[in-house]
Every structure is written in structure tokens, then in C-alpha cells.
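Encoded as C-alpha cells, the structure appears first; notes follow it.
The values are calculated or read from the model by the stated rules, or taken from the named source; none is laboratory data. Remember, predicted model here, so these are calculated numbers, not experimental data. Positions of Cβ are backbone-derived with ideal geometry, glycine not excepted, and every protein chain shown enters the neighbour counts. Side chains are part of the model used for accessible areas, which takes the heavy atoms of the whole protein and leaves out ligands, DNA and RNA. Shrake-Rupley method; radii C 1.70, N 1.55, O 1.52, S 1.80 Å.
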Amino acid sequence: MSWKDTYKIWNEQTELDADVRADLDRLVTDQTQLEDAFYAPLEFGTAGMRGVIGAGINRMNIYTVRQATEGLARLMDTLDEKTRLRGVAISYDSRHKSQEFAFEAAKVLGAHGIPTFVFESLRPTPELSFAVRHLHTYAGIMITASHNPKQYNGYKIYGEDGAQMPPKESDLITGYIREVTDLFDVAVETKEHLIEAGLLKIIGSEVDQAYLENAKEVTIDRELVAEEGKTMKLIFTPLHGTGGMLGEKALRQAGFEDFTLVPEQALPDPDFSTVEHPNPEFTEAFDLAIKLGKAEKADLLVAVDPDADRLGAAVRQPDGEYKLLTGNQIAAVMLNYILTARKKAGTLPANAAVVKSIVSSEFATKVAEDFGASAINVLTGFKFIAEQIQHFEETNEHTFMLGFEESYGYLVRPFVRDKDAIQSLVLLAEVAAFYKKQGKNLYDGLQELFEKYGYFAEKTIALTFDGVEGAQEIKNLMVKFREDAPADFAGQKVVAVEDYASSERKVTDGQVEEIKLPKSNVLKHILADGTWIAVRPSGTEPKIKFYIGTQGKTLAEANEKCQSFEEAINAFIKG
């Protein structure tokens, strides 16, 4: 069926959702956008789906949400009755249509007789992960597009362990989704009927309290926080998202009293009216926090993304300006503090471990090894970190200390099984207090780690390819890096290539080693000076990402090397 045939089916619907109809009428004047909306279904991957809100099979709307949920419902219909009736927890963020999509999902599940537990109002992604475990549901759904711009929304499915659905179950759901060829024929029940029948339960404060009770475990040195927490000045921004209420309560509970929420960004706003990109990786996300921080001479600025699973930070310097930290740097200083404080308290286990993604810095690895802890690499995607946590608990092989990805996502305590900016907020405040007591700041602490372990620098390059031709452009680039990659980058010889799609590590002397991780469309080139360059398509956005990790005798040298490798990558792409 051509995209025009699919469009015709949608256009002929007499009872189409009003907003979808309005968008469909708008698209008629733009054939390029119309084709993009209908040329292919919105991809459902292991992280769920994400896309622009609007009409069409390649957009986020109530019909694509119903289709995805029907896939989950059909999977659950194959389970034994006791498991199936454990139901599904559902949460949502501050974006346009988020609450509507959440209840549409509940209405589809209810039509199958599957109970749902829907939050009364928006909540962070990590609390949804916690709710799945706390309520012992079989699955969870989070309506969010994380840090994407305002025109996006998304849909994530979580498994019973509180992590994003593992590949086996995710593939089964994808198969069931593909069986739903008529998006307008998915059965739904009314919200009112489901509440009356006991199949839809509204949840809220009781889960908040249970989460906050567990969050007490995040604080390591209570005496330190009691001493410094009253006076250490902190600025916190939830960037118009879900993190404000829970973040504020978690900080106060830990003992931090002198903090201020950025007022212009404290309340939920689906238009993210003060930032184009509500992403703590971007400097612009800190503009208002820096302005307020300078006025109040705040020690630390912290921003979390709209669904509160990522966290960025900036530290006040002696001249009153603020220095932003990268995700890899934040992970290194947090890990160093955790291991230092645990060692001091006599609670550092002999089998301590940090788990990180293969595209994250080796900086934290050096820190871990210095304390006798293990550093374990997994594929990108926090579900793989969650799998390791589960493995540790089943085998006692290691004790989990920290999990992180370079993209500003961290997990401190495993009562949640996804990245958690609320936990990270509390811990980073404690780390700042640790250095403040010594008359230093977090950036001073980072410099100490550089001096001890070496100067590490990283860079991520994300190229976006939208529309019908974009997916093919990304595939072509992956083929180019697999089949025609140069023998050196910026004068540094490639000494090994790791292809996670074939599970092979090929060394230039001809030796081939097996990579013992699940297959994934990722390439990693190891260079003679220890630099690594990784390439992977995004699983949730029309992007291909290039990662550079290098090291120098000074931070300036490491950054210069990053720049030269970035130029070499760009030259190869264009050549």
C-alpha cells in the first residue's frame, strides 16, 4: 500500500479525533510533510517510540498510541491469568497530549480486562520505573519524549523489573503491533467504566512517599549533609517538566535547605517557553539558572530534563562565572565520592562495581580501578545496566555502586532501574557539600581527579537526517564506516575495530576476538594513542551519533585532540 493510499484511509474517517483532523487538513498544503507523515509507521524499537505529534502513521497521536498499547495487551493476553492481572503502571510528563495518551493506553488495556494504575498528574520517568516494582505490575508505560523539543512526544514500555522492556519481549510486542493493520479498529473502553469496574486505579501521593522513603538511601554521609546542607546554596531547575515536586522534597528530606527553583522554569509548560531545547546537555538550558545563580552567589546549579531522568550541572568559579560539567565528568566525581565515602565509613564492598555504556568515558574506569572496584561495559541503553544489576543480585558477583551513560544519565541506588535525575540531584548536592567543607568546589574536585588519573575529554557529534530519505542516509553512513573507514584518523592509526553487529573485535594484525555482548548496530574504532571513536544510529530519533573519547597531558591538549578527531570524522563523512 502506498503512502497516498494510507493517507486516503485516514482522510476518509468520519469520526477522526478533532486535533488529528486539523493537522491532516493542514498537511494537505505541504506534500513533503504529508508523505513523511504516512510513508512508514513510527518505528517501535527497544526503547519504545518517539516522534512529532500529529496526524499519520509516522506521528504520535491517539491512534498510534492505541496501536502500540494493543501490541502490549496482546502479549499480556498470552500470559497466565495471575500475571496478566498484575496490570500496568502508567505515567506521563508535561508535554502536549501526554495525559491524553496515558489514558488512551489505559482504555486499550482495559478493553482487554487488564488493570492499570495511572498517576493522578505528571510524574518523572524514574518514579514510573519505581512504581512498576513497588506495585508489582507486569509492565509500565511512560509517555514522554525526554529532552526533545516541544513538538515531540513518545511512548516507552517497561518490564516487570522496572527497566525498559528487554529485547525478547520488545520484539514480541513489535510483532503484535504489526498485526494491527487497522488503527481505527482498536477496541477501547471509557475511562468512567474502567474506574467503576476497578480496572483503572488513580495513584499518586502513596507512591511518592514510598519513592522518597527509598531515596533516603542515596545520602551516604548524613553528618556532612547536616553540617553543610543548611548553608550550601543550590539553584535547581526542572526545565518546565516533572522534576520539581519530587526533586524539592528529596532535597529537603536529605537536609538541603538553602536551594531555589528557577521560578520561570519551575512549573510544567508543554511549550518549554524559556528554552528551545529542554536538555541539560545544552548550555542554553542553564541561562536562567546562571542569571539567578550569580544574583544569589550559588555554589551549584543543577538542571534536569522534562521527565527527570537526565541531569546536568554547573559550578561557581572564584570569578563568579559558572563552569558546566559534562555527563562523563559528573559520573567520575560522583563515583569517586561514593567510593571515598564508603571506604571512610567501612562500607565499601570488596566486589564493588560501576556499570557504564560502551560510548562513555574511561575516566570513571580509572577511578573505579584505583579503589579495587570493577568497571563493566554494556551496550547503550539503560536497560542493559539494569540487566547487570539484576545479575548482581542473583549471583552476588558484584555490588552495584553506580550506573551511568555519557548522555547525562545516572543511577545511584537500584530501587529504580532506569536513569534517575532525582537521586542524582541529591547525591551531587552531597558531593558539592563534601568539597565545600574543604574550602573547595566541585570543579576543584574534578581537577584533582584529572591530576590523579589523567585528563580525559569526550565529544558527541549528532547528525540529524529527517524525512523519507533520512533513514537511508544513516544506513549509508554506517556502511561507509564499516566498509571504507580510513586506516587512521588525524594521524593516529586504527589498531582495532569493534563491530557489535557481528560481535567481532578485529585487530589490525589479523587477530579476531569475540565481543560477548548482545548484537547491536555499533562500530568502535580504537586508535594507537588510546583514543576511541564510536558510531551508532539513535534508536529513538532520526540521528546518527559519533562519539570521541581521548586523553591528554592537559585538559587543553585532550580537548584539542577531540577537535582534530572531529574534523577528521567530518572530512571522512563528506569525502
Here, ASN521 and SER205, labelled 7 Å along Cα→Cβ, have an inter-label distance in nm of 4.8
Simple spin-label estimate for GLN390/HIS136, 7 Å along Cα→Cβ, in nm, reads 1.8
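Write down the percent of antiparallel bridges among all DSSP beta bridges whose residues are both part of the stretch 44-143, to the nearest 5.
DSSP beta bridges in the stretch 44-143 are roughly 10 percent antiparallel.
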Which order do VAL479, VAL359 take when ranked by solvent-accessible area (1.4 Å probe, heavy atoms of all protein chains), largest first? VAL479, VAL359
How large are Rg and Dmax for the chain when calculated on the C-alpha trace, in angstrom? 23.8, 70
Nearby aspartates and glutamates by direct alpha-carbon distance to LYS82 (threshold 16 angstrom, same-chain neighbours under 8 apart not counted): GLU160
For the stretch 132-179, what % of the accessible area comes from carbon and sulfur atoms, probe 1.4 Å? 49
Among residues other than LYS543 whose Cβ falls under 12 Å from its Cβ, what is the net charge (Lys/Arg +1, Asp/Glu -1)? 0
The stretch 540-562-the stretch 377-452 distance, computed between alpha-carbon centres (Å): 21
Loop GluC sites (Glu not before Pro), the stretch 258-355 (other Cβ atoms within 10 Å of the site Cβ: 13 or fewer; DSSP): GLU276, GLU321
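Please identify the GluC sites (Glu not before Pro) of the stretch 395-457 that satisfy two criteria: DSSP loop assignment and at most 15 other Cβ atoms within 10 Å. Which are they?
GLU397
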From DSSP H assignment alone, runs of 4+ in the chain each adding -39500 (n - 2.57), the sum over residues rounded to the nearest 500 puts [θ] at 222 nm at -12500 deg cm²/dmol
Of LYS230/LYS291; LYS156/LYS230; LYS230/LYS323; LYS452/LYS543; LYS294/LYS553, which ones are farther than 28 Å apart at the Cα? LYS156/LYS230; LYS452/LYS543; LYS294/LYS553
Mind checking the dipole of the stretch 234-319: about its Cα centre, +1 per Lys or Arg Cβ, -1 per Asp or Glu Cβ, Debye to the nearest 20? 320
Quick check: at a probe of 1.4 Å, how many percent of the accessible area of the stretch 349-483 sits on carbon and sulfur atoms? 45
Two-site label geometry, GLN317 and LYS191: point separation in nm, points 7 Å out along Cα→Cβ: 5.0
List the trypsin sites (Lys or Arg not before Pro) in the stretch 243-343 that DSSP assigns to loop (not H, G, I, E or B) and whose Cβ has at most 16 other Cβ atoms within 10 Å. Which are they? LYS297
Residues of the chain: accessible area per residue with a 1.4 Å probe, Å²: 40
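Could you tell me what a quarter of the Cα convex hull surface of the stretch 54-186 works out to, in nm² with one decimal place?
Mean shadow area of the hull around the Cα atoms is 7.4 nm².
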Tell me the net charge near VAL118. Cut-off is 14 Å between Cβ atoms, VAL118 excluded, with +1 for each Lys or Arg and -1 for each Asp or Glu. -4
Taking a spot 7 Å from the Cα of ASP271 along the direction of its beta carbon, which residues of the stretch 15-43 have an amide N less than 20 Å from it? 19-20, 22-23
Work out the charge dipole of the chain with +1 on the Cβ of Lys and Arg and -1 on the Cβ of Asp and Glu about the Cα centre, then indicate which of TYR410, ILE53, ILE461 is farthest towards its positive end. TYR410
A convex hull over the alpha carbons of the stretch 473-575 yields, per residue, a volume in Å³ of 115
Dipole size in debye (nearest 20) for the chain around its Cα centre, Lys and Arg Cβ +1, Asp and Glu Cβ -1? 1000
With the dipole of the stretch 206-296 defined by +1 on each Lys or Arg Cβ and -1 on each Asp or Glu Cβ, the option from LEU292, THR231, HIS277 whose Cα lies farthest towards the positive pole is THR231
